[in-house]
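Below: one structure, written as structure tokens.
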Amino acid sequence: MKKLLFIGILLSFGFSLHAGGPWPQKKGNLYFKVSEWWLVFNQHYTDQGLIDPNVTTGLYNTTIYAEYGLTNRLTGTIYAPLLSRNYMNNLVSNTTKEVIVPGEAINNIGDVDISLKYAINKKFPVSISLTLGLPTGIASAGSQQNLQTGDGEFNQMLQIDAGQGFNLSKGVSAYFSTYGGFNNRSNGFSDEVRYGLEGGLSFIKNRLWIIGRVNGVESLKNGETAETFSSTSIFSNNSEYTSYGAEVALYVTKRVGFSASVASAFRGEIIAAAPSYSVGFFYDMSK
Amino acid sequence: MKNIFGILLVCMLMLGACIGDDFVDDRVDPVLRITNSIDSLAIDSSYQFEFSYLNNVGQEEQIAAVWTSGSEEIISITDTGFATALAAGSSEIQASYEYEGGRAIDIIQVSVGGNTVETEITGKKGTVQTTSSYKLQGDFTLAEVGSDLQLNFGSDYEASTALPGLFVYLSNNPNTTADALEIQAVEVFAGAHSYTIPNVGIEDYRYVLYFCKPFNVKVGHGEIVE
């Protein structure tokens, strides 16, 4: 059964925060990150791009992200929410204080993304990557079938990344990168065009990084809607957004560091209207 | 490294473990209705009036109404709503109930004549309108067909296809689906269509209500009027 709730696309908020840019890992190098990503929202962008309330919904992902250099040009990547929790609050009458609709929660693995990135040009870094989104999460659970840790569909995304790094002054480095991608979705979901722009500045001999991002998803709106879908069950499609995000990463040793990030949407349709947060630590063999 | 992972896991469980409460502002004005209204009462005959009372969340509640007749010499009425026609003319029959902060009241005009004639309600109508930013609009009529109720929407009906799980209800509270009668999931998003609702009276509900059921998002409603 095909279902996608508001939170479906929210998983991609987390996904976008792990984009590795056009730079491949050197052969045998590993970048590894464990993070906690969460989002709690009680309002959402409607199909008109306006904001309406909804029952408070939370999504927490404990995630591993790893890049490994298979060759000097080919990098394998995995993004795996090992523990994903989705809950909704109780709805309580403000008059009688009685519970109208009891809250529910599920815990499960989320949808796993695996990808291969190939560096076309290393002088001016350009890479292409293919990401496979595996429906390993739960697409519907709970008494209303409204809880999920994944979107229940197998998608394939082709992406091109480009970027450049440079020194601004002694001890201060910078980089920028951009990407565009096409996400081919199955099970009646609309295909998507994805894009993003990222810039970062480093301080303290590259030990502290401050990163800013803009990401976007535009739905081609070529999938099914509640009107065309044969089932009358919960089904939503055509979600899209433009989001901004910021991240701070601090190397506490040569290779190990902590990071914290936040992302939120400038605009959106059928998506949460609240910021998401992430904290984690990483191990970077390239240093 | 293990410690850090453990801390993250514990933080996640602590943060994510809590299902909190969202409060719904579901207060409505209580309503008292005489449910078996008559236009006229045959002289020297009696009639037992009945009523229903919907409390401040639209739930039916058993209370003791106060019955009065505007002209006791024409129609007398007891504390339990038992009326007797005594003389020709007409009288205002009133049922009321004092609740905390107000008074619910229903008044009908009853004449005394040769026959007892029950008030015939042939149908009701209304207009659903969005109370959200999702599209919803349309005029409707309600009619009793045998013991069933038929809810008919006209050609001006239109609803958003973007919401997952849009459902239509009959309710006595426009702010919540608690105690509402779920008719079914919406399958028609534009144009005329109808729903047959078995074993429901035309006086049983006051609103047609649209909710996104899985996310408890109210989309809109329409008041059912005479």
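Worth a mention:
- Considering segment B:114-132, and only residues there that are under 22 Å from B:GLY146 (Cα atoms) and of a type in the set (Ser, Thr, Tyr), the residue that is surrounded by the fewest Cβ atoms within 10 Å (Cβ to Cβ) turns out to be B:THR122.
- Every test in (1) surrounded by fewer than 20 Cβ atoms within 10 Å (Cβ to Cβ); (2) on the phi > 0 side of the Ramachandran plot; (3) in contact (Cβ under 8 Å) with a residue 40 or more places away in the chain is passed by B:GLY146 save one, and that test is (3).
- Scanning segment A:101-114 for residues that are surrounded by fewer than 20 Cβ atoms within 10 Å (Cβ to Cβ) and either facing another protein chain (nearest Cβ under 8 Å) or under 21 Å from the mean Cα position of the chain (by Cα) (or both) yields a total of 8.
- Flag if A:PHE282 is within 12 Å of chain B (Cβ to nearest Cβ), under 30 Å from A:ASN146 (Cα atoms) and either at pLDDT below 95 or open to solvent by less than 70 Å² (accessible area, probe 1.4 Å) (or both): no
- Subset of segment A:75-94 [over 17 Å from A:VAL279 (Cβ atoms), polar (S, T, N, Q) and more than 7 Å from chain B (Cβ to nearest Cβ)]: A:THR75, A:THR77, A:ASN86
- Residues satisfying the stated conditions in segment B:90-102, i.e. surrounded by 15 or more Cβ atoms within 10 Å (Cβ to Cβ) and more than 17 Å from B:SER52 (Cα to Cα): B:SER90, B:SER91
- Verdict on A:ASP151 being in contact (Cβ under 8 Å) with a residue 12 or more places away in the chain, open to solvent by 20 Å² or more (accessible area, probe 1.4 Å) and either within 14 Å of chain B (Cβ to nearest Cβ) or not hydroxyl-bearing (Ser, Thr, Tyr) (or both): no
- Of residues in segment A:170-195 being of a type in the set (D, E, K, R) and either at pLDDT 95 or above or assigned to a strand (DSSP E or B) (or both), the one surrounded by the most Cβ atoms within 10 Å (Cβ to Cβ): A:GLU192
- Residue in segment A:41-58 that is at pLDDT below 95, within 12 Å of the chain's Cα centre (by Cα) and either buried (at least 20 other Cβ atoms within 10 Å of the Cβ) or more than 14 Å from every other protein chain (Cβ to nearest Cβ) (or both) present: no
- A:LEU201 being open to solvent by 60 Å² or more (accessible area, probe 1.4 Å) and either among the hydroxyl-bearing types (Ser, Thr, Tyr) or without any contact (Cβ under 8 Å) to a residue 24 or more places away in the chain (or both): no
- Residue satisfying condition, being of a type outside the set (Phe, Trp, Tyr), touching a Gly at 6+ places or on another chain (Cβ under 9 Å) and modelled with pLDDT under 95, within set B:ALA88, B:ALA95: B:ALA88
- When residues in segment B:171-192 are screened for being among the hydroxyl-bearing types (Ser, Thr, Tyr) and within 9 Å of another protein chain (Cβ to nearest Cβ), 2 of them pass.
- Count of segment A:245-280 residues which are of a type in the set (Phe, Trp, Tyr) and within 15 Å of the chain's Cα centre (by Cα): 1
- Residues in segment B:128-165 that are among the β-branched types (Val, Ile, Thr) and in a strand (DSSP E or B): 4 in all.
- Any hit, segment B:153-167, residues being crowded, with 19+ Cβ neighbours inside 10 Å, within 15 Å of the chain's Cα centre (by Cα) and either over 30 Å from B:ASP44 (Cβ atoms) or hydroxyl-bearing (Ser, Thr, Tyr) (or both): no
- Within segment B:167-195, being under 23 Å from A:VAL55 (Cβ atoms) and out of contact with any strand residue (DSSP E or B) (no Cβ under 6 Å at 6 or more places or on another chain) holds for B:ASN173, B:ASN175, B:ASP179, B:GLN184.
The values are calculated or read from the model by the stated rules, or taken from the named source; none is laboratory data. Just so you know, these numbers come straight off a predicted model, no measurement behind them. Quick reminder, even Gly has a Cβ in these numbers, built from the backbone with ideal geometry, and neighbours come from all protein chains shown. Calculation scope for accessible area: heavy atoms of the full protein, side chains included, ligands and nucleic acids excluded. Shrake-Rupley method; radii C 1.70, N 1.55, O 1.52, S 1.80 Å.
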